[in-house]
Structure formats: structure tokens, C-alpha cells
Amino acid sequence: MSYLGVMVDIAGCPNHCRHCWLGAHKNGHMSIDEFKYIAAQFKHWRDEDDRGIAEMGFFSWWREPDYRDDYRELWQLEQELSSPGRAERFELLSTWRLANDESYATWVASLVPKKCQITFFGMEGNTDWGMRRKGAFKDQLKATERLLAVGISPRWQLFITKRCLNELDEFLHLIYDMKLFERCENIVQKFEVFIGGISPEGCGYEIEDFRVEEDDLNRIPQEFISICREGTNMLGQPEYKLLDYLIIENQSANFLANFPCIAIDADYDVYPNIAEPAEWWKLGNLKTDGIDSILKAYRDETTPGMIANRTIPIAELARRYGQKNSKKLYDKSDLICRFMHQWGEDWMMNNI
Ligand code: SF4
């Protein structure tokens, strides 16, 4: 392997979002020494021909970054443990910490690209519902203010469900009232807002009843669509239309990660970063199975999910799990994700 990223969920996440494709893994309390010990195991690993992994990146989070109070030391440690240039911040920040730690915005302003994504599920009641935390909506607004104050532009992501269709005008006016376009221009940035698509895996599978349908598109105000980066494109197409193509697709899902990476949860269970961290994808447990067995499973793609990902034709999944009368909107890859999740649940029923 020329590169592997290792993401360790040492603290977890302050939220418990209903759309979270990572699911509802428990928050852990790993120590710095445990994190270092995990890193050492990967660095010292050798395959059957005595070859190691050329470059590695270590991350002390795989859900919300910077949740722990010693986030500055952890970022320093990630850089020390990782190969040069492989410790990365991406565009992810903790909006919880932005709202609750006054010094955080100034710190991140020196580190990351000048953008930060902030998620909403509608107005206050729905955003608190979506993030399963009272006060989440207010925190997202406070985080927006703190980002602007240090020259970082907020990028608002709205997840539209059936619950918030009647408050999209109010959401539009919130953007206008906060003068987000003008204020981003003042810091020589561009304000972006977009309608996100909910991946039906992890916790996201449990809110399928709230997924918007073809007829709901008429309820999204044109003015709101006109200011959204990709309009309504990310909502995708109705299931019955997508099935016309998927039912003749002989390729398998072949999900790939953006870059080779594995995720370790608070119980030391290890997952490939290909799809939701669910039982059928699990590579093993670092404590009980050991690193050799885990990296061999990762390299040779031997977990049930990884095998299905390479071998079951999408047409077969579509025939088994597609709903011909469904008008629910999906991005094509999200619908395939749902099929894989349904396949995984069936696998669990038959094997666990
Ligand atoms: S979506 Fe992000 S913030 Fe929400 S629970 Fe998942 S990791 Fe945490």
C-alpha cells in the first residue's frame, strides 16, 4: 500500500444527527497513549513479503473534529505521527466548538481553507430535531457569526425533509436577514448555500419516511432554488425512474473511498471507509483480531459487505429491493447505497 489514512474516534461527537451515515456509534474516551499505540501498530505492520505502508495519515477523529478540549495538542500529535503533509484538516470544523469555545475560530482561521460547512434541517425545531440536540440551531447561527468574524465563509447545507417543506420561505429570509451574501463579499469570499442529499445508510436509513418525493418539488420556492449552488440537483430523481436504468445494470456497486482509509471506533472495531460502518463491512477488532487479520481483510476485500460490493450486480439488488411505485427522490448512488444497506440487513438476519 502506498498510502493509508487511519481515523480513530477517540472522543466521538457532540451531535447524534438523524442523517448521519456513520451511524450511532458510542462516544469514547481514548487516551493519547492509546492513540499513539494504535498508530505504532500500523506503522510497524509488515505484510507477508515484509513490506509496510509507504505513507500514513493519522486522524484523532472520524466524526466531529476538535470535540475534545485538547484539540490543539491532538492536531500537533496528528502531524507528528503522520507522514509529512499527510495530516489534513479538510473543510471540516466543529460547529459545536465554534459556538461554545470563543477562542476556536481564531485558531482555525490560521489552519484551514476559508470555508466551513454548517448543516440545517430547516428552522429551529427541525434543526434541533435533525441533530438530536436542543440548541443545535442556535449553535449553527452562532458558529456562522464567529466564522465571519475571523474571515471564514460559512457554507450552509440544508437537508430538506417532508418536515421542513413549509418553512423554506422562512429559511430563505433568514439568509437575507443575516445578509450572508453581502457579509461574505466583505471578507472577499462567496456565500454558498446548497440543498444536500441524505444518504440512506447509517442513521439516514431510519428517516426514509421523511424523504421528499417528486410532487414535493413544487413546494420548494423558486427563489430559494435560484440561490442554491446546485438548485435541487442533489435531491436526484424519483425511484421509479431510476429503476428503469438500475434494473439493467450488470456492474456491481463497486463503492470506492476517496482515498484509502480505515476507521476505528471507541470499541476498537475497524471499518473500511467505503460505506456506512456497519457489521457487514467490519474488518475486525483491533484488540481481539489483531492488525494482521484486519489489514489482510482490508487488502483482500474479504468482509461480506466488501464481497457484495464487488460481486452482486446492481440489477439484482434493484430487482430485490427497488420499489416500482416509489416517487421518493434519490441521487443514483444513494439509491444503490440503500440497496446495499437493505442487503446488509438481510445478511444480518441470516447470519447473526
Ligand atoms: S453528521 Fe457529523 S456532526 Fe452529525 S452525528 Fe454524524 S459526525 Fe456528528
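Just to be sure, is Gly28 within 16 Å of the ligand (Cβ to nearest atom), at positive phi and not assigned by TED's automatic domain parsing to the domain that holds Lys142? The answer is no for Gly28.
Scanning for something more than 16 Å from the ligand (Cβ to nearest atom), outside the structural domain of Trp156 (by TED's automatic domain parsing) and touching a Gly at 6+ places or on another chain (Cβ under 6 Å), does the range 13-21 turn up at least one residue? The answer is no; no qualifying residue exists. Could you go through the range 63-82 and let me know if any residue there is under 20 Å from Lys287 (Cα atoms), within 16 Å of the ligand (Cβ to nearest atom), not basic (Lys, Arg) and not assigned by TED's automatic domain parsing to the domain that holds Glu145. Within the range 63-82, not a single residue is under 20 Å from Lys287 (Cα atoms), within 16 Å of the ligand (Cβ to nearest atom), not basic (Lys, Arg) and not assigned by TED's automatic domain parsing to the domain that holds Glu145.
Selection within the range 238-255: residues that are closer than 13 Å to Asn325 by Cβ and among the charged types (D, E, K, R). The member of this set that is surrounded by the most Cβ atoms within 10 Å (Cβ to Cβ) is Glu239. If you go through the range 83-114 and keep only what is away from the ligand (no atom under 15 Å from the Cβ) and among the aromatic types (Phe, Trp, Tyr), you end up with Tyr104, Trp107. Just so you know, in the range 55-68 the residues that are in contact with an Asp or Glu (Cβ under 9 Å, 6 or more places away or on another chain) and part of a loop (DSSP other than H, G, I, E, B) include one that is farthest from Asp292 (Cα to Cα), and it is Asp66. Among residues of the range 77-104 that are of a type outside the set (S, T, N, Q), those with a Cβ under 7 angstrom from a residue that is part of a helix (DSSP H, G or I) and within 13 Å of the ligand (Cβ to nearest atom), sequence gap 6+ or separate chain, pair up as Trp96/Asp139; Leu98/Ala143; Ala99/Asp139; Ala99/Ala143; Tyr104/Arg97; Tyr104/Leu98.
Each residue in the range 24-49 was checked for being part of a loop (DSSP other than H, G, I, E, B) and among the aliphatic types (A, V, I, L, M), and 2 of them qualify.
Taken together, the residues in the range 37-76 that are more than 25 Å from Leu22 (Cα to Cα) and touching a strand residue (DSSP E or B) at 6+ places or on another chain (Cβ under 9 Å) amount to 4.
Inclusion of Ile207 among residues that are in a helix (DSSP H, G or I), in contact with a His (Cβ under 7 Å, 6 or more places away or on another chain) and among the β-branched types (Val, Ile, Thr) is warranted. Across the range 56-94, the qualifying residues are those that are of a type in the set (Ser, Thr, Tyr) and closer than 12 Å to Ile32 by Cα, and the one among them that is surrounded by the most Cβ atoms within 10 Å (Cβ to Cβ) is Ser60.
Any idea which residue in the range 115-137 is farthest from the ligand (Cβ to nearest atom), counting only those that are over 20 Å from the mean Cα position of the chain (by Cα) and in a loop (DSSP other than H, G, I, E, B)?
Quick first cut of the range 115-137, residues over 20 Å from the mean Cα position of the chain (by Cα) only: 123-125, 134-135.
Imposing the further condition that a residue be in a loop (DSSP other than H, G, I, E, B) reduces the set to 123, 134-135.
Details: Met123: 18, Lys134: 15, Gly135: 14 Å.
Filtering first and then ranking leaves Met123.
Per-residue answers, yes or no, for (1) without any contact (Cβ under 8 Å) to a residue 12 or more places away in the chain; (2) assigned to a helix (DSSP H, G or I):
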{"residue": "Ala275", "(1), (2)": "no, no"}
{"residue": "Lys287", "(1), (2)": "no, no"}
{"residue": "Ser293", "(1), (2)": "yes, yes"}
{"residue": "Asn309", "(1), (2)": "no, yes"}
{"residue": "Ala315", "(1), (2)": "no, yes"}
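Residue check: Gly52 meets all listed conditions (1) within 16 Å of the ligand (Cβ to nearest atom); (2) over 23 Å from Trp129 (Cα atoms); (3) in a loop (DSSP other than H, G, I, E, B) but one, namely (1). Among the residues of the range 272-294, is any among the small types (Gly, Ala, Ser) and closer than 19 Å to Ser60 by Cα? The answer is no; no qualifying residue exists. Ile38 falls short of the stated requirement of being within 24 Å of Ile291 (Cα to Cα), β-branched (Val, Ile, Thr) and without any contact (Cβ under 8 Å) to a residue 60 or more places away in the chain.
Applying the criterion of being within 16 Å of the ligand (Cβ to nearest atom) and polar (S, T, N, Q) to the residues of the range 145-163, the residue that is nearest to Arg89 (Cα to Cα) is Gln157. Applying the selection to the range 138-162, what residues are farther than 24 Å from Gly23 by Cβ, in contact (Cβ under 8 Å) with a residue 12 or more places away in the chain, among the charged types (D, E, K, R) and in a helix (DSSP H, G or I)? Selection gives Lys138, Lys142, Arg146. Total residues in the range 1-37 satisfying the condition of being in contact with a Phe, Trp or Tyr (Cβ under 8 Å, 6 or more places away or on another chain) and within 15 Å of Tyr298 (Cβ to Cβ): the figure is 5.
The values are calculated or read from the model by the stated rules, or taken from the named source; none is laboratory data. Since this is a predicted model, take the numbers as computed values, not measurements. For neighbour counting, all protein chains shown are included, and Cβ atoms are generated from backbone atoms with ideal geometry for every residue, glycine included.
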